1. Give the carbon-plus-sulfur fraction of the accessible surface of the chain in %, rounded to a whole number; probe 1.4 Å, heavy atoms of protein chains only.
2. How large is the accessible surface per residue of the chain, computed with a 1.4 Å probe and reported in Å² as a whole number?
3. Using a Förster radius of 41 Å, what is the FRET efficiency between ASP41 and GLU149 based on their Cβ-Cβ separation? Nearest 0.05, please.
4. Diagonalise the Cα gyration tensor of the range 122-199 and give the resulting equivalent ellipsoid semi-axes, square root of 5 times each eigenvalue, largest first, whole Å.
5. In this model, which of LYS153/LYS177; LYS146/LYS177; LYS34/LYS153 are farther than 20 Å apart at the alpha-carbon?
6. Give me the number: length gained by fully extending ASP135 to ASP58, i.e. 0.36 nm times residue separation minus the C-alpha to C-alpha distance, one decimal in nm.
7. Relative to the Cα centre, what is the charge dipole magnitude of the chain, using +1 at the beta carbon of each Lys and Arg, -1 at the beta carbon of each Asp and Glu, and rounding to the nearest 20 debye?
8. Over the range 1-127, what is the percentage of antiparallel beta bridges among all DSSP beta bridges, to the nearest 5?
Amino acid sequence: MRILLVEDDLPLATALHQSLRTEGFTANHVADAKSALLAIDTNECDMLILDLGLPDMDGLVLLKQIRQKNLKLPVLILTARDSIEDKIKGLDKGADDYLSKPFDVNELIARLRVIERRLGTATTSTITIGEVNLDCASHELTVAGKFVELSRKEFMLLKVLLEQAGRIQSREQLESKLYEWGEEVASNAVEVHIHHLRKKLPDAFIKTIRGVGYSIKASANLEH
């Protein structure tokens with residue numbers, strides 16, 4: 001899931017960016033509204049974390065412009081404006097969620113997962129398909145009840161495929177969700193990660209649709 005963080009407080013943005021990466025999100029950062037609109041217009045994000053006190057435009061004005069484009073882009077407002085009136089105004093302008101600063105990063109991550117699940121096929125943080133069980137909160141994978149260790153990229157890739165179970169994901173789509181701006185991507189990176197994942201999963205769990213992409217059959221049991 002590609003998150004665009006729109007925050008002009010660079011120390012906060014740096015710390016939050018690292019926390020998002022640690023939790024398995026692909027995160028990119030911009031510090032002003034103009035850069036945010038450019039990223040949104042070029043379809044470089046699936047979810048937006050928005051500070052309201054931006055240097056070139058009030059965040060609510062930016063949110064209004066986003067909604068005028070008829071975009072369904074999920075937006076979580078993260079701001080020091082913490083009055084009930086501010087929260088109501090933000091939600092009425094089209095935000096999906098509103099979190100006041102200072103905040104607990106664990107609460108932020110939990111709220112992001114709720115939005116993320118709504119975008120995919122999963123309804124809880126635990127996804128089970130057959131013998132495969134992935135806990136997206138703890139990053140733990142078990143296959144037939146046995147713990148299986150995953151690298152960060154393997155976890156991210158499997159998470160995307162499970163959340164989009166029943167839908168074909170092209171190599172380009174997967175790359176966009178695994179790698180951030182400026183991150184070097186080898187031409188066969190996705191194929192290599194798929195190869196390593198298949199060694200850890202049941203036979204034929206990840207299917208290749210030749211010339212199109214990859215998919216996992218949608219037969220999930222979702223648990224708390």
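1. Its accessible area is 51 percent carbon and sulfur atoms.
2. That works out to 49 Å² per residue.
3. 0.55
4. 22, 14, 12
5. The answer is LYS146/LYS177; LYS34/LYS153.
6. Roughly 24.0 nm would be gained on extension.
7. Using Cβ point charges on Lys, Arg, Asp and Glu, the chain gives about 920 debye.
8. That works out to approximately 5 percent antiparallel.
The values are calculated or read from the model by the stated rules, or taken from the named source; none is laboratory data. Only a predicted model underlies this, so the values are computations on that prediction, with no experimental measurement involved. Here Cβ is always computed from backbone atoms with ideal geometry, including for glycine, and neighbour counts include all displayed protein chains. Note: accessible area is taken over every heavy atom of the protein model, side chains too, but ligands, DNA and RNA are not part of it. Shrake-Rupley method; radii C 1.70, N 1.55, O 1.52, S 1.80 Å.
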